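Peer 1: Sharing a structure here in structure tokens format.
The values are calculated or read from the model by the stated rules, or taken from the named source; none is laboratory data. In this text, all values refer to a predicted model and were calculated from it rather than measured experimentally. Note that each Cβ is placed from the backbone with ideal geometry, even for glycine, and that neighbours are counted across all protein chains shown. Quick note on the areas: whole protein, heavy atoms, side chains included, nothing else; ligands and nucleic acids left out. Shrake-Rupley method; radii C 1.70, N 1.55, O 1.52, S 1.80 Å.
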Amino acid sequence: MPETVVITGATSGIGLALAKNLISRGTRVYVVGRNFEKFSSTIYEWCITHDFADLCKWVYCDFSNLSGISEEELKKIPQVDGFVNCIGVLPISPLKLQKADDIINSVNINLVSPILFTRELLRLNRIVKGGAIVYISSINGTKIGSKAHAVYSATKGGISGFVMSLANELSTLGVRVNAISPGTVDTPMLEQTKALIGEKSFSNYLGQYPLGLGSPDSLVSLIHFLLDGGVSSWITGQNFVVDGGYTLN
Amino acid sequence: MENFISNLLELFDEKPSIKVDRNTVFKEMPGWDSLVALSLIVMVSNNYGKSIDGEAVRNCITIGDLFGVIDA
């Protein structure tokens, strides 16, 4: 059972579900993000309501800005048993219509900043020996390539490649590094897809999922398993597809 | 309208060889597919600042219908 974990993207979707799960089991969670108001109104408000406020801490980092990761803020994070990167954006557009700023922003948030953040955690010796790192990737860029998702796929494919090499590099420390590639999960990010293609098309799309739409809780147990060195100590450098059977077809 | 048609034609990988005007049934244009439909949605957002979805595109028949949605 991890005692202390750092999570990015913990104010919504998968990250929020994970943070609640870990905190309710007694894990101290450091929530990394740029919007303190959102932190206060989501995970921290939940913690206060459930009497877990002392297990939830805030660390400011702006992943959209490559200079937004400050050593001063990161030093607030003690040595941790795990780091889970849940932050991400989903830019949907045919590539030829995609604005350069949007491409760069997506790559920064989804790929470069998680790499830089990981580097800083390692440089500041913030991950204990035997700890674990989990990155949320996607079936897009690792198993499939959906139209209008080229940039998103590039970032997620990048994360998966990064995981393999980093896992090898950190093996001497006993730090395990893995990725999880979800299919479509019911999170706020999904609203963008629904808004673009409309309800009917979205419903048809969901029909391709043998087990239906995923929920953030669909992933939490696996993340917890990968963080727990007591049960996953020999698993590293892997990409776990969790997609309700979508890629079977 | 002419500007809109010009922008629409840019979305196709190959410019349709047929004559295109406001009465053209856009879904029957050579090369029309789901990617062009998505491109249309993005183009309308980028160029006209309007938000339309797949449902709106599906409910239109002609290029004139599309323009009517955007011009509304």
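Peer 1: When B:N46 is evaluated against the numbered criteria (1) among the polar types (S, T, N, Q); (2) within 14 Å of chain A (Cβ to nearest Cβ); (3) more than 25 Å from A:K194 (Cα to Cα), which criterion, by number, is the only one it fails?
Peer 2: With (1) among the polar types (S, T, N, Q); (2) within 14 Å of chain A (Cβ to nearest Cβ); (3) more than 25 Å from A:K194 (Cα to Cα) applied to B:N46, the lone miss is (3).
Peer 1: Could we say that B:R22 is away from every other protein chain (no Cβ under 14 Å) and over 10 Å from the mean Cα position of the chain (by Cα) here?
Peer 2: yes
Peer 1: Which residues, taken from the range A:151-192, are touching a residue at least 40 places away in the same chain (Cβ under 8 Å), surrounded by fewer than 19 Cβ atoms within 10 Å (Cβ to Cβ) and within 14 Å of another protein chain (Cβ to nearest Cβ)?
Peer 2: A:Q192
Peer 1: Further question: Within the range A:130-150, which residues are over 17 Å from the mean Cα position of the chain (by Cα), closer than 29 Å to B:D33 by Cα and open to solvent by 20 Å² or more (accessible area, probe 1.4 Å)?
Peer 2: Answer for the range A:130-150, where residues must be over 17 Å from the mean Cα position of the chain (by Cα), closer than 29 Å to B:D33 by Cα and open to solvent by 20 Å² or more (accessible area, probe 1.4 Å): A:K143, A:I144, A:G145, A:S146, A:K147, A:H149, A:A150.
Peer 1: Taking helices (runs of 4 or more DSSP H) that do not extend beyond chain B, which have at least 2 residues that are open to solvent by 40 Å² or more (accessible area, probe 1.4 Å) and touching a residue at least 12 places away in the same chain (Cβ under 8 Å)?
Peer 2: Counting at least 2 such residues, we get B:34-48, B:63-71.
Peer 1: Any idea which of (1) touching a Lys or Arg at 6+ places or on another chain (Cβ under 9 Å); (2) of a type in the set (S, T, Y); (3) in a helix (DSSP H, G or I) is the one A:S106 doesn't satisfy?
Peer 2: Result: A:S106 passes all but (1).
Peer 1: I would also like to ask the following. Would you call A:N110 open to solvent by 40 Å² or more (accessible area, probe 1.4 Å), away from chain B (no Cβ under 14 Å) and over 19 Å from A:E169 (Cα atoms)?
Peer 2: Spelling it out, it is not the case that A:N110 is open to solvent by 40 Å² or more (accessible area, probe 1.4 Å), away from chain B (no Cβ under 14 Å) and over 19 Å from A:E169 (Cα atoms).
Peer 1: Any residue at all in the range A:3-18 that is without any contact (Cβ under 8 Å) to a residue 40 or more places away in the chain and open to solvent by 30 Å² or more (accessible area, probe 1.4 Å)?
Peer 2: No, that holds for no residue.
Peer 1: So, one more: List pairs: first residue in the range A:196-210 and facing another protein chain (nearest Cβ under 7 Å), second residue assigned to a loop (DSSP other than H, G, I, E, B) and open to solvent by 30 Å² or more (accessible area, probe 1.4 Å) anywhere in the structure, Cβ distance under 7 angstrom, at least six positions apart or on different chains.
Peer 2: Sorted first by the residue in the range A:196-210, then by its partner, the pairs are A:L196/B:D53; A:I197/B:D53; A:G198/B:D53.
Peer 1: Can you tell me which residue among A:A154, A:A148 is more than 23 Å from A:V84 (Cβ to Cβ) and not β-branched (V, I, T)?
Peer 2: Unique residue meeting the criteria: A:A148.
For every residue, the table says whether it meets (1) among the β-branched types (V, I, T); (2) at pLDDT 95 or above.
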| site | (1), (2) |
| --- | --- |
| A:G68 | no, no |
| A:Q79 | no, yes |
| A:G82 | no, yes |
| A:I92 | yes, no |
| A:L97 | no, no |
| A:I104 | yes, yes |
| A:V112 | yes, yes |
| A:T118 | yes, yes |
